[in-house]
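Here's the structure, in structure tokens; my notes come after.
The values are calculated or read from the model by the stated rules, or taken from the named source; none is laboratory data. If you're wondering where the values come from, they're calculated on a predicted model, not measured in any experiment. Don't worry about glycine lacking a Cβ; one is built from the backbone with ideal geometry, like all the others, and counts go over all protein chains shown. Accessible surface is based on the protein model in full, side chains and every heavy atom, while ligands, DNA and RNA are left aside. Shrake-Rupley method; radii C 1.70, N 1.55, O 1.52, S 1.80 Å.
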Amino acid sequence: MKKFKLGEVDGIFTGRQLSREQLQKVGKFLYINQRHIQNNTFYLSEKDKYVNEGIDNPKYILQQGDILISNCWKKRKIYHYQKTDPPAYAGQTWIVLRSDLNDYLARYFRIKEFYDKFNLDCENRLSDGHIPRLLTNKLKEVEILKLSDEELAVYINFFNT
């Protein structure tokens with residue numbers, strides 16, 4: 001089977017850390033962190049912080065179809081950002097994939113066996129430290145199977161029934 005490294009995909013970047021002064025209780029964009037994504041669901045809380053449009057680089061404003069991959073701890077959270085999600089700004093605990101392959105990758109990661117292999121590959125590349133962290137350049141080394149749409153559909157039907 002053919003494979004490709006995530007580093008061959010354009011549009012991979014780490015979210016941005018903002019100072020407390022840049023975060024507000026009310027604003028145009030939710031500043032998302034790990035607690036916002038649980039069990040592939042987007043959660044809001046009264047502790048949320050927001051940013052306004054004045055932030056210097058709009059690339060961190062999430063777009064429909066972006067894939068978010070957590071970069072902290074051992075288990076990867078993966079989330080496919082939807083049009084119905086609140087307008088959001090990627091915090092530093094996320095790696096964002098914004099590429100032509102996002103629809104493929106979103107379906108690929110829904111297959112438990114592929115997600116488990118991906119998670120193990122990421123775990124093997126974590127930095128040492130108090131909080132294990134996946135660096136973007138290490139994520140780029142991870143290999144993904146390149147299947148045709150038909151092959152991917154067979155895997156989805158077989159493994160997710």
*Does residue 54 satisfy the condition of being modelled with pLDDT under 95, in contact with a strand residue (DSSP E or B) (Cβ under 7 Å, 6 or more places away or on another chain) and farther than 29 Å from residue 142 by Cβ?*
no
Note on the range 63-84: residues open to solvent by 20 Å² or more (accessible area, probe 1.4 Å) and not basic (Lys, Arg) are 63, 64, 73, 78, 80, 82, 84
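Are any of the residues in the range 145-156 more than 14 Å from residue 75 (Cα to Cα), part of a loop (DSSP other than H, G, I, E, B), open to solvent by 30 Å² or more (accessible area, probe 1.4 Å) and out of contact with any Pro (no Cβ under 8 Å at 6 or more places or on another chain)?
Yes, the range 145-156 has at least one match.
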If we ask which residues in the range 100-116 are free of Cβ contacts under 8 Å to residues at least 24 places away in the same chain and touching a strand residue (DSSP E or B) at 6+ places or on another chain (Cβ under 9 Å), their number turns out to be 0
Taking the range 1-53 and the residues there that are open to solvent by 80 Å² or more (accessible area, probe 1.4 Å) and in a helix (DSSP H, G or I), the one that is nearest to residue 133 (Cα to Cα) would be 35
Checklist entry - Going by the structure shown, is residue 60 over 24 Å from residue 143 (Cβ atoms), in contact (Cβ under 8 Å) with a residue 24 or more places away in the chain, open to solvent by less than 10 Å² (accessible area, probe 1.4 Å) and touching a Lys or Arg at 6+ places or on another chain (Cβ under 8 Å)? => result no
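Results for (1) small (Gly, Ala, Ser); (2) in a helix (DSSP H, G or I); (3) crowded, with 17+ Cβ neighbours inside 10 Å; (4) out of contact with any Asp or Glu (no Cβ under 8 Å at 6 or more places or on another chain), shown as yes or no for each residue.
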| site | (1), (2), (3), (4) |
| --- | --- |
| 99 | yes, no, yes, no |
| 103 | no, yes, no, yes |
| 107 | no, yes, yes, yes |
| 113 | no, yes, no, yes |
| 117 | no, yes, no, yes |
| 120 | no, yes, no, yes |
| 129 | yes, no, no, yes |
| 138 | no, yes, yes, yes |
